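What follows is a short report on a single structure.
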Amino acid sequence: MSDFPFRFGMNEFTTQPWTFEEDVTRYRELGVEAIEVCEAKLDPSRIKDQMRLVEESGMEISAVQPSVRTFFGSRMAPEPAETQARVLRLENSIRTLAPYAPGTVFVTNTGAPPNGNVHRVMDETIQHLRALCPLAEDLGVSLSLEPLNPTSVNVESAIWTIDQAMDIIDGVGHSAMGLCLDYWNIWQQDNVCAAIRRAGSKINVLQVSDWRTPYSTTDRLIPGDGCIPLHDMLSATFEAGFRGACTVEIFSSDVPDSLYDRDLKDVIRASRAGLEKAWTGR
């Protein structure tokens, strides 16, 4: 991707059928430059060996998706149910994985608001993130908050716009706290490119896929195969100052034409080609 301004990355959810070891080996063979590690794919008894594989591959660990990344309930990770237990699980993930991934970013979200109480969730999320940021800083990593698509509100998230996420990030007020920009989640926000530019240096994770009217909550497309204005959004992200990895994050479950049933090497190749075409505006 000679003209593409971001390192090409893959999130392990994109290759769900592969094992962690297959992800690392095949990503590197295909020229992937950064990996977004999903803790759910790690074997707790072999973490040291598995993370050594990433180090030996030469790929950057651009971000980590903790097994429990929300402070309130989440359909993706419903247990533990109690907020403080969830905070402790996230803290343990940071303590466990940070030594193997210096400089990486741990992605978080609010979780679903109990009884629709978004105000409470935003306030308490600020408190929890404010408490975790010094730990992250001490361990040489940072945190990121991801607003999710409205399809996830009340099941995974209390926030669905960049501006809501920035209210929390500003409330935390710590240099170790940033914004996870997932185009599939936020592309329908009004004046999205202006919001991206306003976020500026707070953007520390970039995830890309493409959109069609979903068949399920886990229905995303290869970049360039849907209707997200990728060229405009990539340009706005570049203008905001972001220079990290552009990571492809695709979910494709409970749909009639799942990408997980295709040759996943072809999915990766097509994703790379789609990003390059989007950047050049073709």
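A compact table of results
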item: For the stretch 4-46 and the stretch 246-263, distance of Cα centres in Å; result: 14
item: Of Pro229, Ala245, Asn185, farthest towards positive along the dipole that unit charges on Lys, Arg, Asp, Glu beta carbons give the stretch 185-282; result: Ala245
item: Label point at Arg198 placed 7 Å out along Cα→Cβ; residues across the stretch 137-157 whose backbone nitrogen lies under 19 Å; result: 145-150
item: Contour minus Cα-Cα distance for Arg120 and Gln188 (0.36 nm per residue); result: 22.0 nm
item: Convex hull per residue volume in Å³, alpha carbons only, for the chain; result: 119
item: Length gained when the stretch Gln127-Ala85 is fully extended (0.36 nm per residue, less Cα-Cα span); result: 13.6 nm
item: Backbone N within the stretch 65-99 under 12 Å of label point (7 Å from Asp138 Cα along the Cβ vector); result: 95
item: The stretch 36-92 - accessible surface per residue (Å², probe 1.4 Å); result: 48
item: Within the accessible area of the stretch 130-211 (1.4 Å probe), percent carbon and sulfur; result: 48
item: Counted charge near Ile159, where neighbours are those whose Cβ lies closer than 11 Å (Asp, Glu -1; Lys, Arg +1); result: -4
item: Which of His174, His119 is most accessible, then next, and so on - probe 1.4 Å; result: His119, His174
item: Gap separating the Cα centres of the stretch 63-93 and the stretch 142-183, nearest whole Å; result: 15
item: Only Lys, Arg (+1) and Asp, Glu (-1) charged, at Cβ; the chain dipole about Cα centre in debye; result: 240
item: Ellipticity estimate at 222 nm from DSSP helix runs (n ≥ 4, -39,500 (n - 2.57)) divided over the chain, nearest 500; result: -11500 deg cm²/dmol
item: Computed over the stretch 118-165: relative contact order in percent, which uses C-alpha pairs under 8 Å that are six or more apart; result: 32
item: In Å², nearest 10: area of Tyr100 left accessible to a 1.4 Å probe; result: 90
item: DSSP beta bridges in the stretch 123-282 [antiparallel fraction, %, rounded to 5]; result: 15
item: Additional length obtainable on full extension of the chain from Asp43 to Asp170, 0.36 nm per residue less Cα span; result: 42.2 nm
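The values are calculated or read from the model by the stated rules, or taken from the named source; none is laboratory data. Since the model is a prediction, treat every value here as computed from it, not as a measurement. Ideal geometry is used to build each Cβ from the backbone, glycine not excepted, and the neighbour counts take in all protein chains shown. Areas reflect the complete protein model, heavy atoms only, side chains present, ligands, DNA and RNA absent. Shrake-Rupley method; radii C 1.70, N 1.55, O 1.52, S 1.80 Å.
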